[in-house]
Amino acid sequence: MSKFDFGRAVKQEEEYLRRLYPTPDDIPGCMSLFDTFLSCNVIRSQVKSLYRHGERPDCSQKLEDFKFCLTLKSLHPEERRDVWIQRRAEWWAKRRSDRSSEDVWDIREEPLKSFPKPITGEEVVETGRID
């Protein structure tokens, strides 16, 4: 398995987030983040987390996202977007660096050549299937 490069992961996440949120209006607002925090604390989320993980959900990150959003209010919208994307990119990169069920996979930089392999006419005749 390759060694994890945090800086490279942050850049990849930033690139993805800039495409996902092309304008300042696309990033979530403070009220949306507050709603996300509140929904983490409702009984349904609590029960689901207890069932799946055996413990209550940790909603502290959602509260921190909301409080961080409040600190951005004085910034120009484009600057607010840049700061928000940088923070989220670092969060996603850190999450990628932690152990997960996806540890067996490395991120592919480019698609495989000739994948999937094109099916030839001979192969169709051999299988006897023509759809």
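The values are calculated or read from the model by the stated rules, or taken from the named source; none is laboratory data. The model shown is predicted, which means the values in this text are computed figures rather than measured ones. Because the Cβ atoms are built from the backbone with ideal geometry, glycine has one as well, and the counts that use them run over all protein chains shown. Heavy atoms of the whole protein, side chains included, go into the accessibility calculation; ligands, DNA and RNA do not. Shrake-Rupley method; radii C 1.70, N 1.55, O 1.52, S 1.80 Å.
What to note about this one:
- Selection over the range 19-40 of residues that are surrounded by 14 or more Cβ atoms within 10 Å (Cβ to Cβ) and not hydrophobic (A, V, I, L, M, F, W, C) gives a count of 5.
- Identity of the residue in the range 63-94, in a helix (DSSP H, G or I) and farther than 18 Å from Tyr21 by Cβ, that ends up modelled with the lowest pLDDT: Lys94
- Considering Arg8, Arg81, Arg19, the condition of being in contact with a Pro (Cβ under 9 Å, 6 or more places away or on another chain) and either within 20 Å of Ser97 (Cα to Cα) or not polar (S, T, N, Q) (or both) is satisfied by Arg81 alone.
Every residue, every condition in (1) open to solvent by 70 Å² or more (accessible area, probe 1.4 Å); (2) touching a residue at least 12 places away in the same chain (Cβ under 8 Å); (3) in contact with an Asp or Glu (Cβ under 9 Å, 6 or more places away or on another chain); (4) farther than 15 Å from Glu13 by Cβ, yes or no:
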residue	(1), (2), (3), (4)
Gln46	no, no, no, yes
Glu55	yes, no, no, yes
Leu72	no, yes, yes, yes
Arg87	no, yes, yes, no
Glu90	yes, yes, yes, no
